[in-house]
Amino acid sequence: MIMRREIYLPRAREFVERHGALLERARLAALRDGLPPKEVPPELAALQNPDGGFPYELQPSRPSSLNHTAVALRWLRELHLSGSPAAGGAYAFILSRQTRRGIWRESAELQAFSLPLWMDPESAAGDVYTTALCARTLVAHVDAGLALDRAVIWLQAHQGHDGLLEGFKLHASWRAVPAFLHMLGRNARPTRRLVAGLGEALNDAWTSSMLASLLHCMLEAGYGLRTELVSRAWALLQTRQQPDGSFAADEGGEGAADVTLTVLDIARSLSSSQAAHNAG
């Protein structure tokens with residue numbers, strides 16, 4: 001049985017304010033105020049490569065990577081800057097890198113670095129993960145219909161008997177949910193199997209980062225607390241807040257301030273949807 005408790009939001013915000021980098025504090029301000037900054041924060045704008053992408057590990061002068069361009073686009077959305085030239089260039093970069101079969105894979109030139117397995121351009125599991133990530137990222141882009149159609153058709157061919165995508169099953173599958181729902185609808189069998197598979201896999205061993213990422217994608221797709229997977233994941237996540245207000249990051253992943261920001265965004269989304277439901 002999950003012991004529910006409320007997340008202490010002021011302490012979470014205070015943690016980000018104290019320990020977050022400049023960009024994380026800017027994202028917190030946009031989340032709190034609902035207003036975009038006057039321009040793309042210089043520390044993010046300076047990273048963008050001439051091809052529109054953002055560099056591997058967000059380190060200047062490195063080649064653009066699909067994974068880190070998706071991260072930058074998530075940050076731009078959180079800053080309410082999805083319509084900025086920087087976001088437009090990043091979307092164009094991702095669109096330009098899709099194969100005719102609908103796959104996204106990282107460039108071979110990134111193999112000069114010590115890539116994590118999910119970014120390996122020679123890995124079939126990496127193809128599934130990166131395609132799911134890019135498809136999720138493009139759901140918000142108005143001109144991505146054809147690219148999304150190709151991607152979702154290809155991803156369905158890699159959906160296993162348990163409903164989950166092959167390879168990095170959990171992480172790829174929850175990232176694919178927004179694209180599946182957008183292209184196929186909530187009641188389509190592939191979408192229902194994807195969500196059901198995630199529900200079967202959810203357990204108390206999931207980390208804060210995993211729970212936050214799952215919930216972010218589910219809410220982005222339009223699911224709410226009436227969906228059992230969302231309510232169970234939210235109940236688990238509420239037990240994970242640290243005494244300093246933070247939510248721990250996975251080793252090798254984004255930092256605690258980034259995970260805590262995601263949790264704050266989830267709490268805001270759930271509060272807004274609950275208020276709308278009550279008003280209705």
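The values are calculated or read from the model by the stated rules, or taken from the named source; none is laboratory data. What you are looking at is a predicted structure, and each value in this text was computed from that prediction instead of being measured. Ideal geometry is used to build each Cβ from the backbone, glycine not excepted, and the neighbour counts take in all protein chains shown. Keep in mind that these areas ignore ligands, DNA and RNA; they rest on the heavy atoms of the full protein, side chains included. Shrake-Rupley method; radii C 1.70, N 1.55, O 1.52, S 1.80 Å.
Quick rundown of the values:
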quantity	calculated
Residue that is surrounded by the most Cβ atoms within 10 Å (Cβ to Cβ), among those in the stretch 22-45 that are among the small types (Gly, Ala, Ser) and part of a helix (DSSP H, G or I)	ALA26
Total residues in the stretch 50-72, condition more than 18 Å from GLN111 (Cα to Cα) and either open to solvent by 30 Å² or more (accessible area, probe 1.4 Å) or part of a loop (DSSP other than H, G, I, E, B) (or both)	3
Residue ID - nearest to ARG186 (Cα to Cα), chosen from residues in the stretch 149-174 that are out of contact with any helix residue (DSSP H, G or I) (no Cβ under 7 Å at 6 or more places or on another chain) and open to solvent by 60 Å² or more (accessible area, probe 1.4 Å)	ILE153
Cross-chain or 6+ apart pairs with Cβ under 9 Å, the stretch 222-239 first and in a loop (DSSP other than H, G, I, E, B), then among the basic types (Lys, Arg)	GLY222/ARG186; TYR223/ARG186; GLN238/ARG4; GLN238/ARG5; THR239/ARG4; THR239/ARG5
Positions within the stretch 183-196 being on the phi < 0 side of the Ramachandran plot and surrounded by fewer than 22 Cβ atoms within 10 Å (Cβ to Cβ), in sequence order	MET183, LEU184, ARG186, ASN187, ALA188, ARG189, PRO190, ARG192, ARG193, ALA196
Residue within the stretch 177-190 that is under 29 Å from TRP104 (Cβ atoms), basic (Lys, Arg) and not in a helix (DSSP H, G or I) present	yes
Residue within the stretch 130-141 that is open to solvent by 20 Å² or more (accessible area, probe 1.4 Å) and either free of Cβ contacts under 8 Å to residues at least 12 places away in the same chain or over 20 Å from the mean Cα position of the chain (by Cα) (or both) present	no
Residue within the stretch 227-240 that is open to solvent by 20 Å² or more (accessible area, probe 1.4 Å), modelled with pLDDT under 95 and out of contact with any Lys or Arg (no Cβ under 7 Å at 6 or more places or on another chain) present	yes
Residue in the stretch 197-216 that is touching a strand residue (DSSP E or B) at 6+ places or on another chain (Cβ under 9 Å) and crowded, with 19+ Cβ neighbours inside 10 Å present	yes
Pairs where the first residue, in the stretch 97-110, is touching a residue at least 24 places away in the same chain (Cβ under 8 Å) and the second is in a loop (DSSP other than H, G, I, E, B) and aliphatic (A, V, I, L, M), C-beta under 8 Å, 6+ apart	GLU106/LEU115
